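The values are calculated or read from the model by the stated rules, or taken from the named source; none is laboratory data. Nothing here was measured: the structure is a model prediction, and the numbers come from that model. A quick note on method: Cβ atoms are made from the backbone with ideal geometry, for glycine too, and the neighbour counts reach across all protein chains shown.
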Amino acid sequence: MKKLKSIILLAVIGFLAGCSKEYVEPNTFSSVAWYTSIFRQPTYAVGLNKFISFADLSQMALSHKWIISEGNYFLSSNASTKDTILDPFILTNAGLESEDKTVHVYFKKSGMQTVRLIDTFRDSVAYVGLDTVYAVREGDHWLMDHTFMVDVYDTLVPQIRILHAGIEIPLAEDTIYVSSGDSLQFVDMTTVGRPDSRSWSVAGMTSVDSVATFTFNTPGTFTASFISSRTNPLIPAGQKSLKVPNPIKVMAPASPVRLPLQKESSGTLGVMTTRPAESKK
């Protein structure tokens with residue numbers, strides 16, 4: 001029995017010794033990869049005061065850093081897409097560079113912005129995606145320097161013109177007087193925020209034309225409003241409304257009245273005239 005136990009013990013020791021000889025060296029293969037929180041595209045599109053997350057998934061990098069363009073900020077990892085106010089999450093001492101593997105870039109400046117990733121490797125690497133990006137040899141290492149282009153869309157600022165018989169009417173609280181049957185022309189002049197669609201609502205009438213003409217046939221006092229928007233699914237959605245401050249008063253057409261009768265030698269003559277239009281105040 002003792003001899004059997006000794007044989008089993010030697011067998012176990014031999015097995016463990018054999019396992020220790022099968023040590024696998026850690027993977028030292030260099031590779032480059034990254035991730036972004038929005039759909040990958042040649043130029044990213046985002047609304048002003050929004051953020052995008054960028055993660056460097058590269059393996060065996062010798063060095064690594066992110067660089068963002070002036071006017072934008074890094075956010076702490078506590079920021080969420082559910083947050084409507086992001087300023088409290090700004091990393092005030094981070095500046096424009098970070099060595100974190102994952103960064104959250106807060107875009108506070110409109111127009112074309114950049115997020116730059118710089119990694120160095122011992123071996124040659126390449127990123128295969130929409131375009132293949134190759135590392136460049138610099139001395140005894142390989143440099144991967146890639147810039148993400150981000151088109152930041154400004155907040156929409158509606159701007160319109162109102163014309164009556166070719167004459168522009170200033171936007172103010174002054175009443176616009178028109179006679180029944182007259183028309184007003186509304187012109188979309190919005191450029192800030194790069195809208196791609198619009199809608200008008202004037203005295204119950206609607207239009208989506210950039211230059212819309214409305215004819216008024218019913219007397220009364222009416223209002224007008226305008227909505228500028230971005231609806232293309234490839235760009236950030238946006239919408240901004242404008243209430244026209246001017247009331248629109250439509251006056252009834254002039255109606256005929258009978259002046260007092262004048263007696264003539266040949267009989268009686270009734271003289272017809274028209275009631276003067278209501279004066280503008």
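Laid out as a table, the results:
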item: Filtered residue count, segment 172-214, keeping only those that are in a loop (DSSP other than H, G, I, E, B) and of a type outside the set (Asp, Glu); result: 15
item: Residue match in segment 131-139 (condition: of a type outside the set (Val, Ile, Thr), farther than 30 Å from MET189 by Cβ, surrounded by 13 or more Cβ atoms within 10 Å (Cβ to Cβ) and touching a residue at least 12 places away in the same chain (Cβ under 8 Å)); result: yes
item: Any strands (runs of 3 or more DSSP E) falling wholly within segment 103-170 and containing at least 2 residues that are farther than 19 Å from LEU62 by Cβ; result: 111-121, 141-153, 160-164, 167-169
item: Qualifying residue in segment 108-116 (condition: modelled with pLDDT of 95 or more, over 25 Å from VAL32 (Cβ atoms), of a type outside the set (Lys, Arg) and surrounded by 15 or more Cβ atoms within 10 Å (Cβ to Cβ)); result: yes
item: Options LEU91, LEU9, LEU96: the member that is at pLDDT 95 or above, loosely packed, with under 15 Cβ neighbours inside 10 Å and not assigned by TED's automatic domain parsing to the domain that holds PRO233; result: LEU96
item: Per-region count, segment 225-281, residues at pLDDT 90 or above, among the hydroxyl-bearing types (Ser, Thr, Tyr) and in a loop (DSSP other than H, G, I, E, B); result: 1
item: Residue that is farthest from THR147 (Cα to Cα), among those in segment 68-88 that are of a type outside the set (Gly, Ala, Ser) and buried (at least 16 other Cβ atoms within 10 Å of the Cβ); result: LEU86
item: Of residues in segment 189-209 being surrounded by 13 or more Cβ atoms within 10 Å (Cβ to Cβ) and polar (S, T, N, Q), the one farthest from LYS240 (Cα to Cα); result: SER207
